[in-house]
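The values are calculated or read from the model by the stated rules, or taken from the named source; none is laboratory data. Being a predicted model, the structure only gives us computed values, none of them experimental. Glycine also receives a Cβ, built like all others from the backbone with ideal geometry; neighbour counts cover every protein chain displayed. Accessible surface is based on the protein model in full, side chains and every heavy atom, while ligands, DNA and RNA are left aside. Shrake-Rupley method; radii C 1.70, N 1.55, O 1.52, S 1.80 Å.
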Amino acid sequence: MHLGLADVRAAAERIRGAVLRTPTLRSDALSRATGAEVWLKLDNLQATGAFKERGAANRIALLTPRERAAGVIAMSAGNHAQAVARHAALAGIGATIVMPRYTPATKVTRTEAWGARVVLHGETLAEAAAHARQLALAEGLTFIHPYDDPAVVAGQGTAALELLEDAPGLDTLAIPVGGGGLLAGCATAARALSPSIQVFGVEVEAYPAMAQRLAGQPVQVGGPTVAEGIAVRDVGELPLALIRRMGLEVLVVPERAVEEAIALLAEGAKLVAEGAGAAGLAALLAFPERFAGRKVGIPVCGGNIDARALSNVLLRQLLRDGRILRLHFDIPDRPGVLTDISGRISALGGNVIEVQHQQLFGAPTVQSTELHLMVEVRDAAQGDAIVAALEAGNYVVRRR
């Protein structure tokens with residue numbers, strides 16, 4: 001089917017007032033870090049924390065009176081679930097959300113808090129989707145697909161409409177890809193407004209389904225990823241057709257780049273982003289030559305990251321940057337050794353934040369002790385100086 005700028009503009013009018021018109025900001029810190037001029041579209045500030053509200057609100061606004069009376073149903077393990085639940089509640093429409101059994105309790109609770117009936121079914125999203133289709137037929141409900149629906153795609157495209165209105169000089173967009181609705185909608189709007197603009201999709205290496213489909217390859221995906229919001233096996237056929245028609249390229253980024261992007265958004269831009277929401281920035285980190293010197297718009301399309309996962313990502317990045325040292329020693333079991341080691345560290349400005357001192361079972365002999373330290377430092381150079389000072393004291397230091 002045809003989807004054009006007029007459809008995206010019509011969607012923008014329908015959702016006006018129901019969906020936040022999120023800010024677009026230039027980030028000096030991210031621009032300096034990437035060598036591009038980076039503009040961020042902050043859809044992590046939506047009421048449910050993600051861009052999915054745009055498509056859900058537009059689709060629900062188009063329901064007929066009969067469909068409104070019967071209610072809607074959706075399948076999702078996260079952001080789409082909350083978006084449909086919220087906008088159905090705002091419209092006074094009943095909503096049923098089918099979620100896989102493994103869905104974290106917090107996501108179930110948040111979805112129920114918007115007034116939706118939550119049905120837990122199946123071990124996978126595919127099984128949950130099949131059950132949702134069955135319920136839709138049995139109960140006469142309207143199924144709202146998370147990305148394979150023209151009204152949803154048009155709604156997602158309003159993010160690019162706003163982005164280019166607020167930053168009209170952009171020449172490049174880097175847009176995360178799960179099922180493809182956000183990329184297809186945003187590219188449709190962007191290409192109509194600025195035909196020369198470059199638009200890239202971004203997938204994580206464990207789930208490159210769209211890139212594989214575009215290349216005519218069999219889809220082979222799977223495995224853990226912090227970007228679970230775009231961990232999709234079955235991309236939308238409508239988004240695929242639109243993306244293929246526009247000749248868009250989908251970049252595949254490593255997991256580490258997504259983690260680095262989450263940390264850089266938190267430290268540099270002071271923004272909380274989930275893995276999927278940080279994937280656009282990850283493309284600039286993984287492919288700096290493709291974006292150097294360009295004016296790049298990036299939707300921070302979601303901020304729903306688990307607090308523990310965010311903490312782990314930040315700590316892992318501190319280790320990679322050399323701002324936290326993990327030091328391991330086998331030291332003589334005699335008085336004063338710990339004092340000497342801590343003195344050498346503190347003399348150079350290091351801060352010991354964790355100590356493990358194992359005398360009984362970890363050490364190679366009864367005359368020695370196994371020591372593990374975690375040390376906070378300013379940068380890698382300071383860390384190297386501390387290790388050198390310890391080695392100058394005849395300590396054998398292993399860095400992990």
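Yes or no, residue by residue, for (1) in contact with a Gly (Cβ under 6 Å, 6 or more places away or on another chain); (2) more than 17 Å from residue 279 (Cβ to Cβ); (3) surrounded by fewer than 24 Cβ atoms within 10 Å (Cβ to Cβ); (4) in contact (Cβ under 8 Å) with a residue 60 or more places away in the chain:
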| residue | (1), (2), (3), (4) |
| --- | --- |
| 135 | no, yes, yes, yes |
| 141 | yes, yes, yes, yes |
| 148 | yes, yes, yes, yes |
| 163 | yes, no, no, yes |
| 170 | yes, yes, yes, yes |
| 183 | yes, no, no, yes |
| 186 | yes, no, no, yes |
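Every test in (1) free of Cβ contacts under 8 Å to residues at least 24 places away in the same chain; (2) farther than 26 Å from residue 36 by Cα; (3) open to solvent by 30 Å² or more (accessible area, probe 1.4 Å) is passed by residue 233 save one, and that test is (1). Taken over segment 271-293, residues that are out of contact with any Phe, Trp or Tyr (no Cβ under 8 Å at 6 or more places or on another chain) and surrounded by 17 or more Cβ atoms within 10 Å (Cβ to Cβ) amount to 16.
The rows are residues; the columns are (1) part of a loop (DSSP other than H, G, I, E, B); (2) hydrophobic (A, V, I, L, M, F, W, C); (3) open to solvent by less than 20 Å² (accessible area, probe 1.4 Å); (4) touching a residue at least 60 places away in the same chain (Cβ under 8 Å).
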{"position": "179", "(1), (2), (3), (4)": "yes, no, yes, yes"}
{"position": "196", "(1), (2), (3), (4)": "yes, no, no, no"}
{"position": "207", "(1), (2), (3), (4)": "yes, no, no, no"}
{"position": "216", "(1), (2), (3), (4)": "yes, no, no, no"}
{"position": "220", "(1), (2), (3), (4)": "yes, no, no, no"}
{"position": "223", "(1), (2), (3), (4)": "yes, no, no, no"}
{"position": "226", "(1), (2), (3), (4)": "yes, yes, no, yes"}
{"position": "242", "(1), (2), (3), (4)": "no, yes, yes, yes"}
{"position": "257", "(1), (2), (3), (4)": "no, yes, yes, no"}
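Within segment 384-400, being more than 40 Å from the chain's Cα centre (by Cα) and of a type in the set (D, E, K, R) holds for one residue alone: 391. Of the residues making up segment 320-345, those that are touching a helix residue (DSSP H, G or I) at 6+ places or on another chain (Cβ under 6 Å), without any contact (Cβ under 8 Å) to a residue 60 or more places away in the chain and more than 28 Å from residue 262 (Cβ to Cβ) are 344, 345.
Within segment 102-121, not a single residue is open to solvent by 50 Å² or more (accessible area, probe 1.4 Å), polar (S, T, N, Q) and within 21 Å of residue 2 (Cα to Cα). Of the candidates 247, 268, the single residue that is open to solvent by 40 Å² or more (accessible area, probe 1.4 Å) and more than 24 Å from residue 54 (Cβ to Cβ) is 247.
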